[in-house]
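In what follows, a single structure is set out as structure tokens and then discussed.
Derivation of every value follows stated rules applied to the coordinates shown; laboratory data play no part. Not measured: the values here are computed from a predicted model. When we count neighbours, we look across all protein chains shown, and the Cβ atoms used for this are built from the backbone with ideal geometry, even at glycine.
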Amino acid sequence: MKTPTKVAKKTTPLRTERSRSGPTLTGAQCLEGVQAVLQVAGQAMNLASEKERTEQVKAQSLRDMHLSNNEVEIAHLKVTERRDELMTERMALDNSRQDADIKHEEWMQDYEMREKTIELLREKIRQGDVSVQELELLDRLHIPSSNQ
């Protein structure tokens with residue numbers, strides 16, 4: 001009988017096994033990968049801080065807008081109040097002017113009536129047909145109306 005001979009086992013190198021599990025990375029490649037991850041993480045942190053800053057600026061801008069709107073509203077109310085005051089003053093001046101116009105018109109009518117009466121009485125004096133009462137009236141008409 002034949003004795004069995006030793007059969008050599010096939011051995012596969014370790015590299016072959018590693019290549020089946022994925023590509024191998026060198027130390028420099030690992031370092032580059034870690035640096036890339038750190039860079040992305042840093043950018044994410046910067047983005048988050050910029051978002052927060054943007055929210056703060058937005059909130060401050062809204063507060064400033066509200067304050068500005070309030071100031072505009074206050075100024076508008078003051079202008080409206082002043083306009084109303086001026087309108088009231090104007091109405092008072094218009095009323096005063098109208099009263100003065102009416103008084104002047106009355107004074108002018110009174111003056112014209114006095115002048116007509118004086119002229120009539122003088123005409124009667126020229127004609128010699130005047131009474132004592134008419135002479136007294138003429139005397140009173142020569143006195144200014146403010147003294148009567």
Taking only the alpha-carbon positions of the stretch 52-96 as identical scatterers, the Debye log10 I(q)/I(0) at q = 0.13, 0.16, 0.32, 0.33 Å⁻¹ comes out as -0.50, -0.58, -0.96, -0.98
Scalar couplings 3J(HN,Hα) for the stretch 28-34 by Karplus 6.51 cos²θ - 1.76 cosθ + 1.60 (θ = phi - 60°), nearest whole Hz, x for Gly and Pro, are 5, 5, 4, 5, 4, x, 5
Here the net charge surrounding MET91, from other residues whose Cβ is less than 12 Å away from its Cβ (Lys, Arg +1; Asp, Glu -1), is -2
Partner aspartates and glutamates whose C-alpha sits under 19 Å from that of LYS103, ignoring same-chain residues fewer than 8 away, are ASP94, GLU112, GLU115
For the stretch 25-147, the convex hull over Cα atoms projects on average to an area in nm² of 14.4
